[in-house]
Structure formats: C-alpha cells, structure tokens
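Remarks on the structure that follows.
The values are calculated or read from the model by the stated rules, or taken from the named source; none is laboratory data. Just so it is clear, the model here is predicted, and its values are computed rather than measured. Only protein heavy atoms, including side chains, enter the accessible area calculation; ligands, DNA and RNA are left aside. Shrake-Rupley method; radii C 1.70, N 1.55, O 1.52, S 1.80 Å.
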Amino acid sequence: MTLLIKSFLAGFIMAALPGAVQSSVLQSSLEGHFKSTVKFAFGAAIMDGLYMFLVYFGVVQLLVSRNLLFSIISLIGSTYIFYIGIDSLSPVI
C-alpha cells in the first residue's frame, strides 16, 4: 500500500511539471475556452491513467517477449512519426 501512495505522489509531482499538456491547457483557458479546456485536460488524464494501467500490468514485457509484435508496433510508430514530420513541413514546402 505504501508503494501505491509513493507512486501516486511521484506521479502527481511529475504531472505538475510544465509540459505540452499544461501549456495547451493554460493557453486554452486564457483564451476563454472553458469547455474545450476541460475536455482536453480530462482526455490527458484518461490517457495518463491508461499508460499507468499498461505499465502496471507489464505490457512492455509482453511486447519484448514477442519480437514480431514489437517490430510491427515499432514500424507503425516510426512511420507515424515520420508522417507527422513530413506533414509539419508541408506548409513550408
């Protein structure tokens, strides 16, 4: 139980650090978009919870033990990141 409390406190402290999500929430709230700010913050919290759930149940160990599955997910992820990079350059080109 103490591990759960320590993990919660560590997660809470790390979540308080400024980052992309906090910057977007601050910008949106300063612009007066309350509904979209709440939706965005709630979505970020849900995704953080999902990531913690996946880490807790050892999904990484499952992926590492299955080389083909890990390779497929890595290929899909790298292709998506490459697409985002090309898409961000398209207004410039």
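Out of all the residues in segment 34-48, is one or more more than 20 Å from the chain's Cα centre (by Cα) and part of a helix (DSSP H, G or I)?
From segment 34-48, those more than 20 Å from the chain's Cα centre (by Cα) are 34-35; that's our starting set.
Imposing the further condition that a residue be part of a helix (DSSP H, G or I) reduces the set to 34-35.
Yes, some residue in segment 34-48 is more than 20 Å from the chain's Cα centre (by Cα) and part of a helix (DSSP H, G or I).
Only one of (1) over 22 Å from Ala20 (Cα atoms); (2) at pLDDT 80 or above is not met by Phe42, so which one is it?
Unmet for Phe42, out of (1) over 22 Å from Ala20 (Cα atoms); (2) at pLDDT 80 or above: (1).
What number of residues within segment 59-93 satisfy the criterion of being under 17 Å from the mean Cα position of the chain (by Cα) and under 25 Å from Leu4 (Cα atoms)? Reasoning before the result, please.
Going residue by residue through segment 59-93, those that are under 17 Å from the mean Cα position of the chain (by Cα) are 59-60, 73-74, 76-78, 80-81, 84.
With the extra rule that they be under 25 Å from Leu4 (Cα atoms), the set shrinks to 59-60.
So the count comes out to 2.
Out of the residues in segment 57-87 meeting the condition of being of a type in the set (Phe, Trp, Tyr) and assigned to a helix (DSSP H, G or I), tell me which one is least open to solvent (accessible area, probe 1.4 Å).
As a first pass, look at segment 57-87 and keep what is of a type in the set (Phe, Trp, Tyr): 57, 70, 80, 82-83.
Restricting the remaining residues to those that are assigned to a helix (DSSP H, G or I) gives 70, 80, 82-83.
Working: Phe70: 97, Tyr80: 135, Phe82: 140, Tyr83: 133 Å².
Once the filter is applied, the top-ranked residue is Phe70.
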